[in-house]
Amino acid sequence: MCGIIGYVGNRQGMPLALDALRRMEYRGYDSAGIAVADNHQINSVKRAGKLRNLEDRIAEIGEENFHGSTAIGHTRWATHGRPTNENAHPHMSFDGKVAIVHNGIIENFAPLREELQRKGIEMMSETDSEVAAHLLALAYQEGETAGNFQASALAVLNRLEGAFTLLFMHADHPDQIIAGRRSTPLIVGVGDNEMFLGSDVAAFIEYTKNAVELGQDNVVVLRQHDFEILNFDGSPAQGRAFTIDWDLAAAEKGGFDSFMLKEIHEQPAAVRDTLAGHYHNGRVTLDEQNLSDEDLKYIDQVFVVACGSAYHSGLLAKYAIEHWVRIPVQIEVASEFRYRDPVLDERTLVLAISQSGETADTLEAVRHAKSQGAKVLAVCNTNGSQIPRESDAVLYTHAGPEIGVASTKAFLAQVAANYIVGLALAQAKGTKYPDEIAEIYRSLEEIPAKIESLLACEDQVTDIAQLLGAVRTMLFLGRGVGYPVALEGALKLKELAYIHAEGFPAGELKHGPIALIEDDLPVVVVVPSPRGVTLLHSKIVSNIQEIRARGAKTIVIAEEGDTAVEPYANWLIRIPETPSMMQPLLATVPLQFLAAEIARQCGNEDIDKPRNLAKSVTVE
Ligand code: M6R
C-alpha cells in the first residue's frame, strides 16, 4: 500500500530517498516524507499530497539542512487518518530521537495509544503508526532494553498485532536502521559499501541488482557494510537471495506520456516472456513446484480467487480450464471467499492470481484455502512477495514492473499464465492429447506478434474517443470469453476516467440493462470470432442490432474479415484472427487505449495515479 525506502551508505540520503520515492509513488501518493540521521540527530520533513509538495518543502528548507547518509522515506496511501501533513510519515517519538515509517496496519494501536497517553505522551497524528515511534523511544529509555536499540526494536515489534513493515531509526545509532516485517513486503538491496531497504526493488534498482527477501516475522539490522537477519525472538534467520532481472529503464517512462501507455506497448514482451520456458520437449511446466503431476491429476475442482483485473483474468481461467480439463471451476472475488465458507478439500486446487502478490484480500483467501487442506497455486508478477511465498506452487508472470495503477500488461500476462495452468492440468489429467496441447501452446506463442500489430489501433481509438465527445456513462458487452473483456474494459474506464461504466454479458441485456440504452449512449461490443461457435457470433450480431435500434452508438471490436457486423457498427476496430480462447489477449488492447484517451479528455492529467486508488491494496 505504502512505499518505503531505507538507506545506509556513503551517499547523501535525502536525494537518494527522494528518487526512490519517485519510483515508488505508484504504491501510494497522498503524502510523503523523509528522515535523515546524522551526528546523533534526526531531521525529518513530510508533506500531504503528491511528492512534488514534499520536494517544494525541502527546497524551502534547503536540502543542505538534511545532511546524512542514513535515511528512511515513505509514500503513503491513507488507512488510519486523513492525508494531512501530521498523518504523513515519518513519525517522530516524543523525545525527537526516533523516526519510523510504516506500511500496513497496526491492529492493536488503540490500546497502545491509550497506554502511551496514560504516560503523558501526546499524539501528534491520527495514525495507527505513530505508537511505534513512542514505544521504541520508551523501550530505549527504560527497563531491560534501555540503551539497546536492537533489543528495544524487537520488544516493540513483539507487541504489535496486524500486518506491518516498520523501519526504525534512532538518533543515538545514526549508522543503522532496524526494520521488521509481518505480512507486508520488505526487500534488502545489497550494494557495495551501501545497503538498501525497499517495499519493492524499484526503490533501489538504480544501485544494485542483488536483493534478499525477508521471511515472515523477520527483522533486519542494516549497516553500511553488512546486514543481519533475525527472527522476532532475536534468533538468527536466513533471507532468500535473488538477482533482479530488470533494469532502471523498465521502471521509467521511456518516452511515453505515462507509465500506463508504456506498459500497454510492453504487452507483446510481457506475454512472450511469460510463455517462455514453459513448454519444452512436448511438456508444459510450471515454476516453483511443490505440486507434482500426481497432485495435479488428483485435483477434482478448482477455485479461482483474485481481485479487480486479476479477477477478470481468473474468469478466463475458468473458461479455459473447464473447456480443456473438464473439471468444475468456481471463481470468487477474493474478499468474499473466506467469509462464505466455501467447500474445499485436499482435491481442490485454489488458483490465487495477483500482480503484486501483496493484495490482502487474496492473501487471506490463500490462508483460508490452505487451512482447509486445499492446494494453492499462485500466479504472480512479483518475485519474493507474500502470496507466492505462502502458496504450494507459483507460476510467475514476467510482465516486468507495472507502475501504472491501472493494470494492463500484468493483466494480459495473467491471462497467458492462467492458460499455462489450464494446459498443465490438462496434461496431468490426460484430458488433452499432447499434440492438442502443442497446438494450443503454438497459438498462444503467436499472440505477442498479433498484439504488436494491434498496437497500431491506438490512433484510430484516439479518434473514436474524440468523436464520442463528453461521455457520462458507457456500457461494455461481450459473450463467452468476450464477457471478461467487457468487464475489464469497464473497469479501466471507471478507474481512469471516473466515468460510470458497466460490463454485461450481451445476452443479459434484454433482462434489464437494455433500459439504460438511450440516444447516443456509447456501447462497446466485443464480438466473438465468426469462426468459433457460430451461434454465439450470430446471437451477438442480433444484440448489436437491438441496441442500435434504441439509439446507442456502437464501438464494435471484431475479427478481421468479420463482415456481418459492419452494418451495425458506428465504429469498427479490427483485431487479428485468432482461436476464440485467445481473443481476450487481443480484444482488451483497444479498450485500454480507449479508457486512457477518454480519461485524458476528461482532464485526468495523471492516468498513472487515479484518485483514491493504490497499486497494491494491503488492507482488507
Ligand atoms: O496486485 P493484484 O493483482 O492482486 O491487484 C488486484 C487489483 O487490486 C488490481 O487488479 C486492480 O483492480 C487494478 N487497479 C485494476 O486496473
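When only alpha carbons of the stretch 263-445 are considered, Rg and Dmax amount to 14.9, 43 Å. Listed cross-link partners K46/K119; K370/K494; K492/K553; K318/K539 are compared with a 25 Å cut-off, the Cα-Cα value being larger for K46/K119; K370/K494. Phi angles across the stretch 73-89 convert, under the Karplus curve 6.51 cos²θ - 1.76 cosθ + 1.60 with θ = phi - 60°, into 3J(HN,Hα) values of x, 8, 10, 10, 10, 5, 10, 9, x, 5, x, 10, 4, 5, 7, 5, 9 Hz, Gly and Pro given as x.
Once you charge only the Cβ atoms, +1 for Lys and Arg and -1 for Asp and Glu, what is the size of the charge dipole of the chain about its Cα centre, to the nearest 20 debye?
Here the chain has a charge dipole of around 1040 debye.
Arrange the peptides 355-366, 539-550 so that the one whose residues have, on average, the most other Cβ atoms within 10 Å appears first. Working shown, then result.
Numbers: 355-366: 26.3, 539-550: 17.8.
Put in order of decreasing packing, that is 355-366, 539-550.
The label point for A449 and the one for A549, both projected 7 Å from the Cα toward the Cβ, are 4.3 nm apart. The phi-based Karplus calculation (6.51 cos²θ - 1.76 cosθ + 1.60; θ = phi - 60°) puts the 3J(HN,Hα) values of the stretch 327-332 at 10, x, 10, 10, 10, 9 Hz, whole numbers, x for Gly and Pro.
The amide H of V524, built 1.01 Å from its N in the peptide plane, has L475, F476, L477, I555 as neighbours under 5 Å, considering only residues 5 or more places off or on other chains.
Under the classification rounded if a/c is under 1.5, otherwise prolate if a/b is larger than b/c and oblate if not, where does the chain fall, given a ≥ b ≥ c as square roots of the Cα gyration tensor eigenvalues? Prolate shape, in that a/c is at least 1.5 and a/b is the bigger ratio.
Which distance in Å, rounded to a whole number, links the C-alpha centroids of the stretch 215-233 and the stretch 550-596? When both Cα centres are located, 53 Å separates them.
Based on the mean of other Cβ atoms within 10 Å per residue, sort peptides 450-462, 18-30 so the most packed one is first. Please list the in-between numbers first.
Working: 450-462: 16.7, 18-30: 23.8.
Going by the mean number of other Cβ atoms within 10 Å, highest first, we get 18-30, 450-462.
Annotation: amide H of I573 within the under-5 Å range of V556, I557, A558, sequence separation 5 or more or interchain, hydrogens built in the peptide plane. Here's the picture: a label point sits 7 Å out from the Cα of N570 along the beta-carbon direction, and within the stretch 517-560 the residues with their amide nitrogen under 12 Å of it are 518-525, 548-556. Whole Å is fine, so just give me how far the alpha carbon centre of the stretch 112-144 lies from that of the stretch 477-542. Answer, in whole Å: 54. Here the accessible area is traced with a 1.4 Å probe on the protein chains. For the stretch 3-253, carbon and sulfur cover 44 percent of it. Only helices reaching 18 angstrom along their own axis (Cα) with mean Kyte-Doolittle hydropathy no lower than -1.0 count here, and for the DSSP H runs of the chain these are 308-325, 409-429, 482-497, 534-549, 584-601.
At an R0 of 60 angstrom, the distance between the Cβ atoms of S538 and N53 translates into a FRET efficiency of 0.60. Extension gain for T243 to Q466 (0.36 nm times residue separation, less C-alpha to C-alpha distance): 75.8 nm.
Highest mean first, what order results for 467-474, 44-51 on Cβ atoms within 10 Å?
Numbers: 467-474: 13.9, 44-51: 19.4.
Ranked from most to least packed, the peptides come out as 44-51, 467-474.
Under the criterion of Cα pairs below 8 Å and six or more residues apart, the relative contact order for the stretch 265-370 equals 29 percent. Based on C-alpha pairs under 8 angstrom that are at least 6 apart in sequence, the stretch 84-186 has a relative contact order of 31 percent.
Normalising the average separation of contacting C-alpha pairs (under 8 angstrom, six or more residues apart) by the number of residues puts the relative contact order of the chain at 11 percent.
Label zone (L613, point 7 Å along Cα-to-C-beta; backbone nitrogen cut-off 19 Å) within the stretch 466-481: 471-477. Coupling constants for the stretch 211-217 follow from the phi torsions by the Karplus curve (6.51 cos²θ - 1.76 cosθ + 1.60, θ = phi - 60°), and in residue order they are 9, 9, 8, 8, x, 5, 6 Hz; glycine and proline get x.
Between Q117 and E63, the FRET efficiency estimated from the beta carbon spacing at R0 = 25 angstrom works out to 0.10. For the chain, what does -39500 (n - 2.57) per DSSP helix run (n ≥ 4), summed and divided by total residues, give at 222 nm, in deg cm²/dmol to the nearest 500? When only DSSP H runs of four or more count, the value is -11000 deg cm²/dmol.
To the nearest 0.05, how large is the calculated FRET efficiency for Q330 and M124 if R₀ is 51 Å and r is the Cβ-Cβ distance? Present the calculation step by step, with values, prior to reporting the outcome.
Numbers: r = 48 Å, r/R0 = 0.94.
Result of the calculation: an efficiency of 0.60.
The values are calculated or read from the model by the stated rules, or taken from the named source; none is laboratory data. What you are looking at is a predicted structure, and each value in this text was computed from that prediction instead of being measured. Glycine also receives a Cβ, built like all others from the backbone with ideal geometry; neighbour counts cover every protein chain displayed. SASA here: full protein model, heavy atoms, side chains in, ligands and nucleic acids out. Shrake-Rupley method; radii C 1.70, N 1.55, O 1.52, S 1.80 Å.
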